[in-house]
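Trainee: Please see the structure below; I have some questions.
Each reported figure results from applying straightforward, stated rules to the coordinates on display, with no laboratory input. Just so you know, these numbers come straight off a predicted model, no measurement behind them. Please note: Cβ atoms are built from the backbone with ideal geometry, for glycine as well, and neighbour counts cover all protein chains shown.
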Amino acid sequence: MPANPPPNMPRITPYLYYEDVAGALDWLTRAFGFRERMRIPGPEGKIAHAEMELADGVIMMGHPGPEYRNPKRLGQTTQNVYVYVDGVDEHFRRAKQAGAKILHEPQDQFYGDRRYGVEDPEGHQWYFAQHVHDVAPEDLKRLAQQQH
């Protein structure tokens, strides 16, 4: 019986829609340090499906057809992707240099992460974080209420 999930695949994996998958592969490599691990060609020379990884994380992407809408085509964001990285401030500089639209500069959060937010060229929002201190679960509710 085959492994479920398959080897080197996490149980939960975001699948993002891109109109220009080849461009996304290049940009995500340059801006975020992701590594391409698979590319499946589709009709008309476009990429139908691709996968990228960062450490033990995986994202899938594709351009399945005109009936699917990415944030760029929708004109709004419906989700974001939260990614833990080492050296979040250096990661931020890399993303900014690659032309990422900055949503939030790196900042320490009450829940123990230092994070920043960016938008990629097709409107997907990404939050990159580094866990910098532990917060006891019993303190999270109180700290969250102090934020509002």
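Trainee: Determine which lysines satisfy two conditions relative to LYS46: a Cα distance under 30 Å, and not lying fewer than 8 residues away in the same chain.
Mentor: Here the lysines satisfying the reach criterion relative to LYS46 are LYS72, LYS96, LYS101.
Trainee: Express in nm, to one decimal, how much length is gained between VAL135 and GLN76 on full extension, taking 0.36 nm for each residue of separation and deducting their alpha carbon distance.
Mentor: Full-extension gain reported as 18.0 nm.
Trainee: Using just the helices of the chain, give the 222 nm mean residue ellipticity in deg cm²/dmol: DSSP H runs with n ≥ 4 each add -39,500 (n - 2.57), and the total is spread over all residues, rounded to 500.
Mentor: Calculated at 222 nm, the ellipticity per residue is -7000 deg cm²/dmol.
Trainee: Binning at 10 angstrom from zero up to the longest distance, how are the C-alpha pair distances of the chain distributed in percent?
Mentor: 10, 35, 33, 17, 4, 0
Trainee: Another question, if that's okay. For Cα pairs less than 8 Å apart in space and 6+ apart in sequence, what is the mean separation divided by the residue count of the stretch 1-66, i.e. the relative contact order in percent?
Mentor: Relative contact order for the stretch 1-66 comes out at 36 percent.
Trainee: Can you list residues from other chains, or at least 5 along the same chain, whose modelled amide H is less than 5 Å from the amide H of LEU16?
Mentor: Those qualifying (amide H under 5 Å, at least 5 residues apart or on another chain) are MET60, MET61, GLY62.
Trainee: Separate question: Which residues make up the longest stretch of the chain clear of trypsin sites (Lys or Arg not before Pro) that lie in a DSSP loop with no more than 16 other Cβ atoms within 10 Å, not counting the sites?
Mentor: 70-148
Trainee: Also, quick follow-up: When the chain is modelled as a GNM with alpha-carbon springs shorter than 10 Å, which of VAL21, VAL132, VAL88 fluctuates the most?
Mentor: VAL132
Trainee: Between ARG142 and LYS96, what is the FRET efficiency for a Förster distance of 30 Å, r being their Cβ-Cβ separation, to the nearest 0.05?
Mentor: 0.35
Trainee: Got a sec? Charge dipole of the chain, +1 on Cβ for Lys and Arg, -1 for Asp and Glu; which of ASN70, ALA24, TYR127 is way out at the positive end?
Mentor: Selected residue: ASN70.
Trainee: For Cα pairs less than 8 Å apart in space and 6+ apart in sequence, what is the mean separation divided by the residue count of the chain, i.e. the relative contact order in percent?
Mentor: With pairs under 8 Å counted, the relative contact order is 20 percent.
Trainee: I've got another one for you. Determine the gain in length on full extension of the stretch ASP56-ARG69; use 0.36 nm per residue of separation and subtract their C-alpha separation, reporting nm with one decimal.
Mentor: Contour length minus Cα-Cα distance gives 1.9 nm.
Trainee: Moving on to the next point. For ASP108 paired with TYR127, estimate the spin-label separation in nm (one decimal), with each label point 7 Å from Cα along the Cα-to-Cβ line.
Mentor: 1.8
Trainee: Translational D (Stokes-Einstein, µm²/s) of the stretch 1-66 at 20 °C and 1.002 mPa s when Rh comes from the Kirkwood sum over C-alpha pairs?
Mentor: Diffusion coefficient, whole number: 172 µm²/s.
Trainee: Along the Cα→Cβ direction, 7 angstrom out, place labels at ARG30 and TYR84. What is the inter-label distance in nm?
Mentor: Going from the ARG30 label point to the TYR84 one covers 3.0 nm.
Trainee: Antiparallel versus total DSSP beta bridges in the chain: what percent is that, nearest 5?
Mentor: 75
Trainee: State to the nearest 20 debye the size of the charge dipole of the stretch 1-66 about its Cα centre, where the only charges are +1 on K and R beta carbons and -1 on D and E beta carbons.
Mentor: In total the dipole reaches around 140 debye.
Trainee: Now for a separate question. P(r) for the stretch 79-148, please, calculated from all Cα pair distances in 10 Å bins and given in %.
Mentor: The calculated distribution, bin by bin, is 21, 46, 26, 7.
Trainee: Using the Karplus equation 6.51 cos²θ - 1.76 cosθ + 1.60 (θ = phi - 60°), what ³J(HN,Hα) coupling, rounded to whole Hz, does each residue of the stretch 104-117 give in order, writing x for Gly and Pro?
Mentor: 8, 5, x, 8, 6, 10, 4, 8, x, 9, 9, 9, 9, x
Trainee: Looking at the stretch 46-83, which GluC sites (Glu not before Pro) are in a loop (DSSP not H, G, I, E or B) and have at most 11 other Cβ atoms within 10 Å?
Mentor: GLU67
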